[in-house]
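Novice: Here it is: the structure, laid out below.
The values are calculated or read from the model by the stated rules, or taken from the named source; none is laboratory data. If you're wondering where the values come from, they're calculated on a predicted model, not measured in any experiment. Virtual Cβ from ideal backbone geometry, glycine too; neighbours counted across all protein chains shown. Note: areas computed on protein heavy atoms with side chains; ligands, DNA, RNA excluded. Shrake-Rupley method; radii C 1.70, N 1.55, O 1.52, S 1.80 Å.
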Amino acid sequence: RIKRARETDRDRGELQEQSNIKFCKYAAEWIESYQGRGKGFRASSRTDYRCALNKYVFPYFSDKLKISQITPKHINDFVRSLCDEDKQGRRLADSTVRNILNPVRSCLATAREDGLIRHNPAVDIRLPHRPTVEDIEAEAVRPLKRDELDAFLRIVHRRYALLVELMAWTGLRISEVIALQWKHLKLDGSRPHVRVRRAIVRGRIEPPKSKYG
């Protein structure tokens, strides 16, 4: 049965020999040259991916594990380990777990495109969703009313008052505000506006992530 299945795969052009490449070695080389999946790849994202691999992924997976041997169970077990509490009773947030899994999923997607594996075992992995106290409190968060904003601006240091007021009325992120230049301000005419064209993230100037930004 195995022989017939392999012959069928061969006839379809889908025969794929098991790769002997080690997962950790492949991932370490992959992160240095990965260019994203169609929308580019920021330097800050590469730094985040590299940090997640070095801090969580490489210590968990054996350096002898072949990339072709990874199964959905390997990935599920890894996610469960990330969700466990440490010795101090702390646990990673759900968003952190997702961010750690992102480079694993992307790396395996590239391995599939490289012909090293037939399927990406991380595609259908269920990620945790554990409500927290912060989530419950966040549902009640409301923006400042005009009188509340006026009161707040009266006690803000005069050096930062204009900065705070600009953020309050435009909804700009702090990374976008500190990257503003005069040419981004369109103050003439009946519809004055601010053009968001860049942000300063970790000391680097970067464009918005998408056209919506």
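Novice: Scanning for something at pLDDT 90 or above, in a helix (DSSP H, G or I) and over 30 Å from T71 (Cβ atoms), does region 92-113 turn up at least one residue?
Specialist: Within region 92-113, not a single residue is at pLDDT 90 or above, in a helix (DSSP H, G or I) and over 30 Å from T71 (Cβ atoms).
Novice: For region 174-213, which positions are under 18 Å from the mean Cα position of the chain (by Cα), surrounded by 10 or more Cβ atoms within 10 Å (Cβ to Cβ) and at negative phi?
Specialist: S175, A199, I200, V201, R204, E206, P207, P208, K209, G213
Novice: Using beta carbons and a limit of 6 Å, which pairs, at least six apart or on different chains, have the first residue in region 77-106 and more than 25 Å from G36 (Cβ to Cβ) and open to solvent by 30 Å² or more (accessible area, probe 1.4 Å) and the second one basic (K, R) and not in a helix (DSSP H, G or I)?
Specialist: That search, which allows pairs on different chains as well, returns E85/R91.
Novice: Just wondering, is there one or more residues in region 52-60 that are under 30 Å from P207 (Cα atoms) and in a loop (DSSP other than H, G, I, E, B)?
Specialist: no
Novice: Going by the conditions given, is E17 within 20 Å of the chain's Cα centre (by Cα), open to solvent by 60 Å² or more (accessible area, probe 1.4 Å) and either within 22 Å of E113 (Cα to Cα) or at pLDDT 90 or above (or both)?
Specialist: So E17 does not fit the description; no.
For (1) out of contact with any Phe, Trp or Tyr (no Cβ under 9 Å at 6 or more places or on another chain); (2) at pLDDT below 90; (3) among the aliphatic types (A, V, I, L, M), each residue gets a yes or a no:
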{"residue": "L163", "(1), (2), (3)": "yes, no, yes"}
{"residue": "G171", "(1), (2), (3)": "yes, yes, no"}
{"residue": "K183", "(1), (2), (3)": "yes, no, no"}
{"residue": "L187", "(1), (2), (3)": "yes, yes, yes"}
{"residue": "R202", "(1), (2), (3)": "yes, yes, no"}
{"residue": "P208", "(1), (2), (3)": "yes, yes, no"}
{"residue": "K211", "(1), (2), (3)": "yes, yes, no"}
